[in-house]
1. Treat each spin label as a single point 7 Å out from the Cα along the C-beta direction, and report the A94 to N65 distance in nm.
2. Return the Cα extents of the chain along principal axes one, two and three, sorted largest first, each rounded to a whole Å.
3. Explain nothing, just the number: relative contact order of the chain, from Cα pairs under 8 Å at least 6 residues apart, as a whole percent.
4. Provide H111, H82 in ascending order of the number of other Cβ atoms located within 10 Å of each residue's Cβ, fewest first.
5. 5 Å is the cut-off here: which amide hydrogens, built 1.01 Å from N in the peptide plane, fall below it relative to N63, excluding neighbours closer than 5 in sequence?
6. How would F27, F34 line up from fewest to most surrounding beta-carbon atoms within 10 angstrom?
7. Could you work out which residue, out of S73, S61, S91, moves most in a Gaussian network model of the chain, that is, has the largest mean-square fluctuation with Cα springs under 10 Å?
8. Full-extension gain between L113 and N39, please, as 0.36 nm times their residue separation minus the C-alpha to C-alpha distance.
Amino acid sequence: MVKGNNVTTEKHFDLFKRECNKWILIFGLVGWYFHFIHNGEDKEVLGWARCDVVGRVATISLNKNWGNYKITSYEIKRTAFHEVCEVLFASLRAIAGARYIGIDEIMEENHNLIRTLENVIWRPTQK
């Protein structure tokens, strides 16, 4: 953490949205509707994601006020990656929090996430 009074700009927000969209496609989150906003005064978070798992709607925000955190392209991109990962794991969080869900539903979502990562991150060296 670096001391300073940092406010993200529209240029930062554009980079954030581009980076989010990159990871949305990489992770195959094409069954979701994404809404991006640029607001917030909470100096404790750089961004946030809220998910309606049933409706598959995600709102992702880049915080305007980064407080003592230094704003860099690297940190903007890292924050975008983090918030998209929040959406990637939203269903698993919802399932884990529901007391009526059985092991089959948990295993299904677990394998959904593993297959997504297999298909977009893991690459075999030989076929």
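Every read-out reported here was derived from the displayed coordinates using simple, explicitly stated rules and does not represent laboratory data. All of these numbers come straight from a predicted model, not from anything done at the bench. Methodologically, a virtual Cβ is constructed for each residue, glycine included, from the backbone with ideal geometry; neighbour enumeration extends over all protein chains shown.
1. 3.2
2. 48, 43, 26
3. On the way: 167 pairs, mean separation 38.1, N = 127.
Relative contact order for the chain comes out at 30 percent.
4. Values: H111 11, H82 15.
Starting with the residue having the fewest Cβ neighbours, the order is H111, H82.
5. Placed amide hydrogens put G47, W48 under 5 Å from N63.
6. On the way: F27 20, F34 17.
With the fewest neighbours first, F27, F34 line up as F34, F27.
7. Most flexible of the set in this elastic network: S73.
8. On the way: separation 74, 0.36 × 74 = 26.64 nm, distance 2.98 nm.
Between L113 and N39, full extension yields 23.7 nm more.
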